[in-house]
Amino acid sequence: MKWILLILSSLALATPAEAQSLPAEVVRYAETVLHNGKIITVDEQFSIAEAIAVRDGKILRVGRDADVLSLAGPSTRRINLQGRTVIPGLIDTHSHLHEYALDRHAPQMNPNLLEIKIEGRTEEEMLERLAEAVKTKKPGEWVITRIRPRNVADSFVINRTRADLDKVAPSHPLMVHVTDTKAMANSRALEYLFKRYDPKVLDLTKNNQGEFTGRIGAGVSLIFYEEIIPKPKPEDLAPVYLKELEMWGAAGITTWSSSLGSEAISAFNYMDQKGMMPIRLAYTNEAGYRDNIYSESFVNRFGNLIGHGTERFWLIGISSGSTDSSYPGVCTTLSPDAKVKAREDCRLTIDNVRGRAAYAAVKAGVRIAGTHSAGDKATDVMLDIIEKASAEAGLSLEQIRGKNHVIDHCTMNPRPDQIERAKKLNIMWSCAPKYLLRAERVMRDYGEEAAHRWVLPIQGILDAGGRVTWEQDDADLGIKPFFGLGTLVTRKDENDRVWGARHAIDRRTALLMATRWASQYVLRDQVLGSLEAGKWGDMVVLDKDYLNVPDDEIAKIQSVMTLVGGKVIYDALKP
């Protein structure tokens, strides 16, 4: 005991120079200190501090300048904030950066990663363009295309068959996509499919003579994507993904979440192993669940790995894709006027391919997250699946609540009764401000009351004691997270019209949605979401004071510096 006291006292008396010369195991200063600023900690008290210190990727101390600067040594990087505001790194709970990356960067960096885009004003012109695309490939090479515009593409798939595709691609396997789940295949492509699957188990259309038309739906389309079509190599995807991640990091996003197929999972795992992940990714796995005709077997064989991963890349749930179509084809109980045909079915039902996957996952104790859900009827289906599958598994209410399931988007959902159901089950809502910008379309198709009551009813969720987070889920708006947060506060669309004023929230709540509450979505609330000692050193330095700028100015706030794990990944303050 005397020896321990002697060592401690000698360390206490050591000069900074002497302490710095000691082994790292004995004493170590902070690696980075930010001081002379306004640190919005977003802790339980929403405390404001002057400085923050980080060591080994974690926050060492938050507090007054003098106290925090005392942790700095000769090698510590000191960043004088000069009064600037610092917030926790933003957590986007639903975006698709890997898809944005391909659209934004692959055309210049590696066009071979992309589907061939085909434009045609008529079906005949579409066939001519397909023939031209086939000529760019060697015999036997796959030709993967996506046809536009949508009205011509839809009629093409209805009226044409694989015989038409065989004429333009007799020596190539050819896939023609309208969407990811609506496509056509020629005979060569079907040959690859039938080598792997018995046609009897597949949902394929036939003509009156019993011949396959080549038209394929969601389940078979995903078989091609996940199992048959050659995938890009992770090392080819990595630089394209990296460029996009760096852009979002520069905007202040330090963690994001998305549903991923096997191609993206493999690429991000490669990047993680190579130390190429500038920001963190909490992903949901849709590869084995979305439109997999053997999804129930997959669930039972794969096991529950929710939470497994590293500090930069971890699994937070499974996704069965989307519960309905994109607007205006949302699955809702609302009665629209004659401009929109009401949908009577959803992509997700309790007994179709997607529903069985979700049902089996919930029954096996796996968490549901990252599933697109627009429209209240589709949300009813998801809530039914969670309740019924949990009951069949014998889960108690406490066990169900512990799963922390999520329903994403908040567009034309949730209804007040759904908020109560979700609150009972501890289900979280992830809400995208982009849908508020489209509220005028909801008014046009479903009436003004629907637009004001049913688009992002965030304050209604909070008033009822529900939980909610922020997501961007859009690249078209630009990488502007504060535009999204500002929209939640003002409820204004791009024409300055206010929609659903009663659901407006204050700026602190908006920040909570994108930080501390969002950390629960990504299952890392112990280490993310606020600036407190022991948590990861993810933070953003802003060009304006988030707490005091006028409401309309929140959207214009920008990041001037972003740190992940205490390391600067973006710095606009460099001279």
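The values are calculated or read from the model by the stated rules, or taken from the named source; none is laboratory data. Owing to the predicted nature of the structure, the values given are computational and were not obtained by experimental measurement. Heads up, the Cβs are rebuilt from the backbone with ideal geometry, glycines too, and the neighbour counts pull from every protein chain shown. Quick note on the areas: whole protein, heavy atoms, side chains included, nothing else; ligands and nucleic acids left out. Shrake-Rupley method; radii C 1.70, N 1.55, O 1.52, S 1.80 Å.
Brief remarks follow.
- Within segment 148-168, the set of residues being modelled with pLDDT of 95 or more, in contact with a strand residue (DSSP E or B) (Cβ under 6 Å, 6 or more places away or on another chain) and open to solvent by less than 30 Å² (accessible area, probe 1.4 Å) comprises just one member, 165.
- The requirement of being within 28 Å of residue 106 (Cα to Cα), open to solvent by 20 Å² or more (accessible area, probe 1.4 Å), free of Cβ contacts under 8 Å to residues at least 12 places away in the same chain and assigned to a strand (DSSP E or B) is fulfilled somewhere in segment 174-181, by at least one residue.
- Residues of segment 210-265 that turn out to be polar (S, T, N, Q) and farther than 30 Å from residue 523 by Cα, as a count: 2
- Number of the condition not met by residue 478 [criteria: (1) touching an Asp or Glu at 6+ places or on another chain (Cβ under 8 Å); (2) surrounded by fewer than 19 Cβ atoms within 10 Å (Cβ to Cβ); (3) assigned to a loop (DSSP other than H, G, I, E, B)]: (1)
- Enumeration of residues in segment 197-206 that are surrounded by fewer than 11 Cβ atoms within 10 Å (Cβ to Cβ) and either in a loop (DSSP other than H, G, I, E, B) or touching a residue at least 24 places away in the same chain (Cβ under 8 Å) (or both): 198, 201
- Any hit, segment 277-293, residues being open to solvent by 20 Å² or more (accessible area, probe 1.4 Å) and part of a helix (DSSP H, G or I): no
- Within segment 442-471, considering residues that are more than 24 Å from the chain's Cα centre (by Cα), part of a helix (DSSP H, G or I) and not hydrophobic (A, V, I, L, M, F, W, C), the one surrounded by the fewest Cβ atoms within 10 Å (Cβ to Cβ): 449
- When residues of segment 409-441 are limited to those that are in a helix (DSSP H, G or I) and among the aliphatic types (A, V, I, L, M), the one farthest from residue 475 (Cα to Cα): 425
- Tabulated pairs, segment 515-526, first open to solvent by 10 Å² or more (accessible area, probe 1.4 Å), second part of a helix (DSSP H, G or I), C-beta under 8 angstrom, 6+ apart or interchain: 525/516; 525/519
- Looking only at segment 216-235, residues that are of a type outside the set (A, V, I, L, M), closer than 23 Å to residue 295 by Cβ and surrounded by fewer than 19 Cβ atoms within 10 Å (Cβ to Cβ) come to 4 in all.
- Flag for residue 570 being open to solvent by 30 Å² or more (accessible area, probe 1.4 Å) and of a type in the set (Ser, Thr, Tyr): yes
Conditions (1) open to solvent by less than 10 Å² (accessible area, probe 1.4 Å); (2) under 30 Å from residue 256 (Cα atoms); (3) more than 32 Å from the chain's Cα centre (by Cα), marked per residue:
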{"residue": "66", "(1), (2), (3)": "no, no, yes"}
{"residue": "83", "(1), (2), (3)": "no, yes, yes"}
{"residue": "98", "(1), (2), (3)": "no, yes, no"}
{"residue": "103", "(1), (2), (3)": "no, yes, no"}
{"residue": "106", "(1), (2), (3)": "yes, yes, no"}
{"residue": "113", "(1), (2), (3)": "no, yes, no"}
{"residue": "123", "(1), (2), (3)": "no, no, yes"}
{"residue": "136", "(1), (2), (3)": "no, no, yes"}
{"residue": "141", "(1), (2), (3)": "no, no, yes"}
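- The set of residues in segment 25-57 being among the acidic types (Asp, Glu) and either on the phi < 0 side of the Ramachandran plot or touching an Asp or Glu at 6+ places or on another chain (Cβ under 6 Å) (or both) consists of 25, 31, 43, 44, 50.
- From the options 384, 351, 376, residue that is open to solvent by 10 Å² or more (accessible area, probe 1.4 Å) and modelled with pLDDT under 95: 351
- Scanning segment 488-508 for residues that are surrounded by 14 or more Cβ atoms within 10 Å (Cβ to Cβ) and touching a helix residue (DSSP H, G or I) at 6+ places or on another chain (Cβ under 7 Å) gives 488, 489, 490, 491, 493, 499, 500, 503, 504, 505, 507.
- Taking the criterion of being open to solvent by less than 20 Å² (accessible area, probe 1.4 Å) and free of Cβ contacts under 8 Å to residues at least 60 places away in the same chain, the only residue of segment 236-254 that qualifies is 238.
- Answer from 289, 294, 270 - the residue that is in contact (Cβ under 8 Å) with a residue 24 or more places away in the chain and under 23 Å from residue 180 (Cα atoms): 289
- Within segment 354-373, being surrounded by fewer than 24 Cβ atoms within 10 Å (Cβ to Cβ) and either touching a Cys at 6+ places or on another chain (Cβ under 8 Å) or closer than 21 Å to residue 334 by Cβ (or both) holds for one residue alone: 372.
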